[in-house]
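Okay, so here's the structure we're looking at.
No lab work stands behind these numbers, since they all come straight from the coordinates. Everything quoted here is computed from the prediction, not taken from an experiment. So basically every Cβ, Gly included, is an ideal-geometry build from the backbone, and we count neighbours across all protein chains shown.
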Amino acid sequence: MQRFSPFLFVFLWSTGFIGAKYGLPYTEPLSFLLTRYGLVITLMLGIALATRAPWPLEPLQWLHIGISGVLVHAVYLGGVFVAIKHGLPAGVTALVVGLQPLLTAFGAGCFLGEKVNTRQWTGLGLGFVGVSLVVADKFGTLAALGPMLVPALVALLGITAGTLYQKRFCAKFDLRTGAVIQFVPTAIVTAIAVAFFENYQIEWTGSFIFALGWLVLVLSIGAISLLNLLIRSGSAVNVASLFYLTPPTTALIAWVIFGETLTPTAIIGMVIAVSGVYLVARPK
């Protein structure tokens, strides 16, 4: 099962666009995320109590897990959803966040002492080229993007810092109680942002309820649990490289479900991205 965890993670993480596509038309982005976090906390707390899952013994461990949660969830997801809601094309968002493996590789050497060899650097470069080709036809007019790039850049810094921080300070924790500890401060930070910038208005349509359920069960519980397991067992660089596979997988899902076009350039980009990730993660 552990061998297939990276592939399952990539697939589940890539379906996150379903939530944005179906849910954001009916509410503001941070209000959407706050509702999602509340449901995740309720579900995971119930599971943790019912199964008598162990809680961290040291207060400092609670702090580290909470900080990693704020970075990975509140900062990253908040940035992505705000960027998409305010009109940043999904392709541009994917490209900006696609810089994460490269930033993680730099940070892994400084903060984790991980050595990135020439083969891995080559793979990281190929991965980024591949992602660029996959989303090339979705850019639109870059000159008109302006401030819309800011939340995407914030998301990039959040997921990069969160991955490095979790690997450094709290790589191992129980997934049930750890999820509660991660999402409670995430919800608090998001609630403060909602109070300042949004009105927390939701139109409870069938599409919104579907999107919310999908993001809670498939993304926040399924994909995030797999991400935590991967961070625990693998190097930060190897885990980060998997994010190169998200845009190609998302494009394939959109082609199958929504009939979106796959251009020859995108197909070539998919092959290059997969090759890059293979070079990064291949055993020595």
Calculated FRET value between residue 278 and residue 8, using beta carbons and R₀ = 22 Å, to 0.05
0.80
What dipole magnitude, in Debye to the nearest 20, does segment 2-281 give about its Cα centre under +1 on Lys/Arg Cβ and -1 on Asp/Glu Cβ?
620 debye
Which is farthest toward the positive dipole end of segment 2-281 among 201, 233, 160, measuring Cα position about the Cα centre, with Cβ charges +1 (Lys, Arg) and -1 (Asp, Glu)?
233
If you stretched the chain out fully between residue 196 and residue 24, how much longer would it get, using 0.36 nm times the residue separation minus the C-alpha to C-alpha distance?
60.0 nm
Within segment 175-284, which chymotrypsin sites (Phe, Trp or Tyr not before Pro) sit in a loop by DSSP and count at most 12 neighbouring Cβ atoms inside 10 Å?
204
What's the center-to-center distance, using Cα atoms, between segment 144-185 and segment 213-284 in Å?
17 Å
Using helices alone, I'd like the mean residue ellipticity at 222 nm for the chain: each DSSP H run of four-plus residues gives -39500 (n - 2.57), total over residue count, nearest 500.
-21500 deg cm²/dmol
